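Shown next, in structure tokens, is the structure this report addresses.
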Amino acid sequence: MEVRQQFGDDVQIIGIPGLSSDVEAMQEFVASTGSAEIPHVLDTTGELWERFGVTRQRTYVFINDDGEQRIASYGSLPSDVEDLLAR
């Protein structure tokens, strides 16, 4: 995964596939996107999505060391991470 290679230990990435009770389909999605190297937390009830304000697929929630959150649903993940680290 490009972001993990670029930022290494400076950034922790956690995938949260959700909005489905089909765990096998989620596992297939993770495998097909090449993101199996990062940890994933299943959110079959949508509780985590709701907690972090996620309303659709391909949403990134960035949380810095101070707990400040920013949500992005578009753009480039590497560029968004660079922007967040610069703050």
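Read-outs: derived from the displayed coordinates by stated rules, not from any lab. Worth saying up front: this structure is predicted, and the values here are computed from it rather than measured. Virtual Cβ from ideal backbone geometry, glycine too; neighbours counted across all protein chains shown.
A simple spin-label model places pseudo-atoms 7 Å from Cα toward Cβ; at Arg56 and Ser73 they are separated by 0.5 nm. Taken about its Cα centre, the chain carries a charge dipole of about 240 debye when Lys and Arg each add +1 at the Cβ and Asp and Glu each add -1 at the Cβ.
With the simple spin-label model, which puts each label point 7 Å out from Cα in the Cβ direction, the Asn64 to Val41 separation comes to 2.2 nm.
If the chain linking Glu2 and Asp83 were pulled fully straight, counting 0.36 nm for each residue of separation and taking away their Cα-Cα distance, it would gain 27.6 nm. Computed over region 5-87, the percent of Cα pairs more than 16 Å apart is 56. Segment Phe29..Gln12, full-extension length gain: 4.1 nm, with 0.36 nm per residue of separation and the alpha-carbon distance subtracted. If you take all other residues with their beta carbon under 10 Å from the beta carbon of Gly18, and give Lys and Arg +1 and Asp and Glu -1, the sum is -3. Please identify the longest segment of the chain free of exposed GluC sites (Glu not before Pro), where exposed means a DSSP state other than H, G, I, E or B and no more than 14 other Cβ atoms within 10 Å. So the longest stretch without any such site is 1-36. So what's the back-of-envelope 222 nm ellipticity for the chain, counting only DSSP H runs of four-plus at -39500 (n - 2.57) apiece and dividing by all residues, rounded to 500? Theoretical 222 nm ellipticity from helices: -10500 deg cm²/dmol.
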